[in-house]
1. By its C-alpha gyration tensor, with a ≥ b ≥ c as the square roots of the eigenvalues, how is the stretch 66-192 shaped: rounded for a/c under 1.5, else prolate for a/b larger than b/c, else oblate?
2. Would you mind classifying the chain by shape? Square roots of the alpha carbon gyration tensor eigenvalues, ordered a ≥ b ≥ c; an a/c under 1.5 is rounded, otherwise it is prolate if a/b is larger than b/c and oblate if not.
3. Kindly report the accessible area of the chain per residue (heavy atoms of protein chains, probe 1.4 Å, no ligands, DNA or RNA), in Å².
4. May I ask you to list the residues of the stretch 160-196 whose amide nitrogen lies under 17 Å from a point 7 Å from Cα along the Cα→beta-carbon direction of S209?
5. Calculate the spin-label point distance for E218 paired with S123, positioning each point 7 Å from the Cα along the beta-carbon direction, and give it in nanometres.
6. Could you state the angle between the C-alpha long axis of helix 310-319 and the longest principal axis of the C-alpha atoms of the chain, as a value from 0 to 90 degrees rounded to the nearest 10?
7. What's the longest bit of the chain with no exposed chymotrypsin sites (Phe, Trp or Tyr not before Pro), using DSSP loop states and at most 16 other Cβ atoms within 10 Å as the test?
8. Between E264 and D407, what's the calculated FRET efficiency when r is the beta-carbon distance and R0 is 25 Å? Round to 0.05.
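The values are calculated or read from the model by the stated rules, or taken from the named source; none is laboratory data. Source: prediction; values computed, not measured. With ideal geometry, Cβ positions are generated from the backbone for all residues, glycine too; neighbour counts draw on all protein chains shown. Ligands, DNA and RNA are stripped out before the accessible areas are found, and what is left, the full protein with its side chains, is counted by its heavy atoms. Shrake-Rupley method; radii C 1.70, N 1.55, O 1.52, S 1.80 Å.
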Amino acid sequence: MTASTEITMVEAIHQKYDDDVETCIHIHIPASAPGKTESGNLVIPPILALHDSNISGAGDTDRLETLCKQVQELDLTKNCIKDWSQIIEIIERLPKLRFLNLTSNPIENRASWECDKQFPNISNLILNDTNVSWECLMKLLHVFPRVEELHLSLNGYSSVDLHGDFRYPPLSRLYLNGNKIQDWTQMCRLGQCFPNLENLVAMESELTSIMSDVALKETFPCLKSLNLTKTKLATWEDIEVFREFPVLIDLRIKDLPFIQTLPEKERRQNIVARLPNITKLNGSPVHEQEREEAERAYIRNFLDAESKPQRFYELKKIHGKVEHLADIDLAPDDLHYHIKVKFENKEEMMDILKEQTVKDLKKLLQNFCGLTVDKMKIFEYKSDYDNLYLMRSEIRSLHSYRFTELDEIHIYRVETKVISKGDYEIVGKKIEKNDVKDFMNWRKFMEN
């Protein structure tokens, strides 16, 4: 805390916004900014943040209501509020409040605490690092009957102690990062108590498995997005369980120890091949071509195995007969493409390793073009078609492009508009149709 003496919320607001010091500097203050009316009253913005202000209570409630009647979002992170009755007293005076952040307040879990009022405007409630008990949480959700997003991270939970008959349909997004829950059965209780849950984030938890006798179709009927990054899941069988979530499409499972030794591309392929329902993995969309490559690679992995998983036979029905990739003895000349690279007025013949990804190539080209990876886009110029094609997928292997000696790699700045053959407005130049007879003439036009 920056202050040694506890103060009220009203005092904290005046300390932050009420500055009567005269100054000769004139500045423009936007209409939405906090300031004073002609009568001298403070005007507080709709989003009010009072971090680490040593606040322990409301203070003069009439004054608080006058100051905060327009406040919609209130952030009281890292203050000294210990009593839910003080929090309720604050909320009562903020009629438009919909977002409340109480992170890192030492709020006591008093079993005797009760509240007969309700605040249906509150839709976002953040209780990270408050050690709020499940018993107290159930009371709070009665007080706040329409919470859609709830944050319960860093509260030391090792179990989910919600009552078996407790149901709270409004909640759709739940964050449980950094807790100590190991048993997936405990997590399933969340699905039962929050039947319309669509997004569950439980990063950096102690989960060791999601194998359970609980039927996922009944437990998480609406779950579309799940984040279990940096957990302790330990087997491919755990990964395959994600297929059983009836509407799950978005999955984040980065930094799992048991697959960290695999190359990044192989890790992703193994997950994609096992999970036909997932259309977004670790923040990146799963495209049709990527899925097909991953599924074929999965089939090849088990071609010679004595015991084959069920997924092997499912994919074989889809793709038919898949052979091993031919073993190629890569002589030194076969390891690289010898290809021309162009950027603006520069060009250079380069030896580029085939067994790397587009992302690796961008890193390699930084010194040549002077652009960082996020400031460039690269195209393949295919001589057979006299055309440019964006090298879009950063995880695609260069080996799959099958460049010839006549092909080229072109680098452009990300803001440059690059139009392929047949278009007439290119890189900010208006070109009449009669000016461009064919693609090669277009290239000459652009070079001039």
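1. On the way: a/c = 1.75, a/b = 1.55, b/c = 1.12.
Judged from the Cα gyration tensor, the stretch 66-192 comes out prolate (a/c at least 1.5, a/b above b/c).
2. Numbers: a/c = 2.97, a/b = 1.49, b/c = 1.99.
In terms of gyration-tensor shape, oblate.
3. On the way: 24650 Å² over 448 residues.
Ligands and nucleic acids excluded, the result is 55 Å² per residue.
4. Of the residues in the stretch 160-196, 181-188 have backbone N under 17 Å from the label point off S209.
5. Those two pseudo-labels are separated by 3.3 nm.
6. 50 degrees
7. Details: sites that count: W113, F166, F302, Y385, Y424.
That gives 167-301 as the longest site-free run.
8. Numbers: r = 27 Å, r/R0 = 1.06.
Computed FRET efficiency for E264 and D407 comes out at 0.40.
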